[in-house]
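The values are calculated or read from the model by the stated rules, or taken from the named source; none is laboratory data. Computed from a predicted structure; not experimentally measured. Cβ: placed from backbone, ideal geometry, glycine included. Neighbour counts: every protein chain shown. Accessible surface is based on the protein model in full, side chains and every heavy atom, while ligands, DNA and RNA are left aside. Shrake-Rupley method; radii C 1.70, N 1.55, O 1.52, S 1.80 Å.
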Amino acid sequence: LLRDVPPTPESHYVFRHEFINEICHHLRDIDRNNGHLLIHGMAGSGKTVATCQSVRLLFENEDWFRPYGVYWLKIGNIDDDKLFVKLKRLFNRLGIRSTEPPKCLEDVNAYITDYFEANIRKSKILFVFDDIWKESHYSHIAFAKKSVTTSRFNFPSNKLSHHCISSPEGFTDEEALEGIVKSQECSDWQDLKANPFVMKAIHKCIGLPLAITIIGGLRLRTNKEWEKVVDVIAKTELQNKPGNYEYSLYKAITLSIQQLDPQEQKNFRLLGVFRRVPIPLESIMALWDCDLWHTKSILQNLCSKSLIKYQDKD
């Protein structure tokens, strides 16, 4: 019933109690009374992960959103044609039958709206629309009676239809240290806290979750390695220029790529030929000319460095 909801294992993700409790509070109200929640904030601030953790917590531990479950749709920065493809796929997954298939976005919204009016119980499905960029796209998902949206943007019109909450920009020091420990698969939390270079790196990137995850994936061990990362972040003066966040993140990712051996660097860059959709393992094996074992091993290493998202369905 958790359709396409991303996995967020506790072994890899920090549980931000205060933020998640706030989301859960609104989700319970939505499940009881219908409604819409918008979680907005800068890129990399942990909106998607916290939303996923909240949905899973309520569904698995408290039996909310049953028996009709959840549909998770990754939207992203796409045009209307691509949104139509995504919503038409949803239309088909809902099992809606019509004498004529939808031909445009307005058709899809109208057909699903009519379907829910004729099937009131099915309208109790919770929809999660992850990472909406365009204000105009909200009108095409108006069929949802219960929804959660994540976005970098909080448009004025959102306040008329959504309860809006802002994602905390950064981890607390404790959350950031926990994130680094999880990424490095180590347990010396207190040693990290006592290291001034580690704390300086955390503060220089304002504890931003994605930046912390990438830094943790570097598996830094010496003060010299930590100092190098601090220098890279400091050059962008992130604390005084929030607009430079994505550039700073790019620099951190570059450091992570540079840690790969030459063949893994080549394999990582080759993944750029694919669109940002789930990629069949067989396609990657063919692209890399690797057997199954080596392909999985490389993907797991890239995932551990937060360069890709990889889920081994085996």
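For the stretch 133-140, the criterion of being acidic (Asp, Glu), out of contact with any Phe, Trp or Tyr (no Cβ under 8 Å at 6 or more places or on another chain) and either open to solvent by 20 Å² or more (accessible area, probe 1.4 Å) or touching a residue at least 40 places away in the same chain (Cβ under 8 Å) (or both) is met by none of the residues.
Within 21 Å of residue 208 (Cα to Cα), acidic (Asp, Glu), surrounded by fewer than 18 Cβ atoms within 10 Å (Cβ to Cβ) and under 17 Å from the mean Cα position of the chain (by Cα): is that true of residue 10 in this structure? Answer is yes for this residue. Is it true that residue 19 is open to solvent by less than 60 Å² (accessible area, probe 1.4 Å), in contact with a helix residue (DSSP H, G or I) (Cβ under 7 Å, 6 or more places away or on another chain), free of Cβ contacts under 8 Å to residues at least 24 places away in the same chain and outside any loop (DSSP other than H, G, I, E, B)? When the stated conditions are applied, residue 19 does not pass them. With the condition kept exactly as written, say whether any residue in the stretch 195-217 is assigned to a loop (DSSP other than H, G, I, E, B), surrounded by fewer than 20 Cβ atoms within 10 Å (Cβ to Cβ) and modelled with pLDDT under 75. So far as the stretch 195-217 goes, no, none of its residues is assigned to a loop (DSSP other than H, G, I, E, B), surrounded by fewer than 20 Cβ atoms within 10 Å (Cβ to Cβ) and modelled with pLDDT under 75. Does any residue of the stretch 190-209 turn out to be among the charged types (D, E, K, R) and in contact (Cβ under 8 Å) with a residue 40 or more places away in the chain? No, the stretch 190-209 contains no residue that is among the charged types (D, E, K, R) and in contact (Cβ under 8 Å) with a residue 40 or more places away in the chain.
Take the conditions (1) crowded, with 22+ Cβ neighbours inside 10 Å; (2) over 24 Å from residue 79 (Cα atoms); residue 174 misses just one of them, which is (1). Of the set (1) under 24 Å from residue 38 (Cβ atoms); (2) not aliphatic (A, V, I, L, M); (3) not in a strand (DSSP E or B), all apply to residue 111 but (1).
Just one of (1) farther than 18 Å from residue 141 by Cβ; (2) open to solvent by less than 30 Å² (accessible area, probe 1.4 Å); (3) not in a helix (DSSP H, G or I) fails for residue 24. It is (3).
Selection of first residues in the stretch 240-266 that are more than 20 Å from residue 226 (Cβ to Cβ) and of second residues that are at pLDDT below 60 and open to solvent by 50 Å² or more (accessible area, probe 1.4 Å), restricted to Cβ pairs under 8 Å at least 6 apart or on distinct chains, gives the following pairs, ordered by first then second residue: 244/237. The C-beta contact set for the stretch 48-73 (first residue part of a helix (DSSP H, G or I), second residue small (Gly, Ala, Ser), distance under 8 angstrom, 6+ apart or interchain) comprises 50/167; 59/69. If you take the residues of the stretch 222-240 that are surrounded by 14 or more Cβ atoms within 10 Å (Cβ to Cβ) and under 27 Å from the mean Cα position of the chain (by Cα), which of them is modelled with the highest pLDDT? Only one residue tops the list, namely 226. Scanning the stretch 63-74 for residues that are modelled with pLDDT under 95 and either under 25 Å from residue 175 (Cα atoms) or open to solvent by less than 20 Å² (accessible area, probe 1.4 Å) (or both) yields 65, 69. Looking at the stretch 87-116, which of its residues are polar (S, T, N, Q) and open to solvent by 40 Å² or more (accessible area, probe 1.4 Å)? Scanning the stretch 87-116 gives 92, 98, 99.
Across the stretch 246-304, which residue is modelled with the highest pLDDT among those that are in a loop (DSSP other than H, G, I, E, B), open to solvent by 40 Å² or more (accessible area, probe 1.4 Å) and closer than 26 Å to residue 201 by Cα?
The selected residue is 261.
Could you please let me know if residue 84 is in contact with a Phe, Trp or Tyr (Cβ under 8 Å, 6 or more places away or on another chain), open to solvent by less than 70 Å² (accessible area, probe 1.4 Å) and among the hydrophobic types (A, V, I, L, M, F, W, C)? The answer is no for residue 84.
Against the condition aliphatic (A, V, I, L, M) and touching a Ser or Thr at 6+ places or on another chain (Cβ under 9 Å), how does residue 105 come out, does it pass? For residue 105, the condition - aliphatic (A, V, I, L, M) and touching a Ser or Thr at 6+ places or on another chain (Cβ under 9 Å) - is met. Scanning the stretch 156-175 for residues that are without any contact (Cβ under 8 Å) to a residue 40 or more places away in the chain and under 19 Å from residue 49 (Cα atoms) gives 172, 173, 174.
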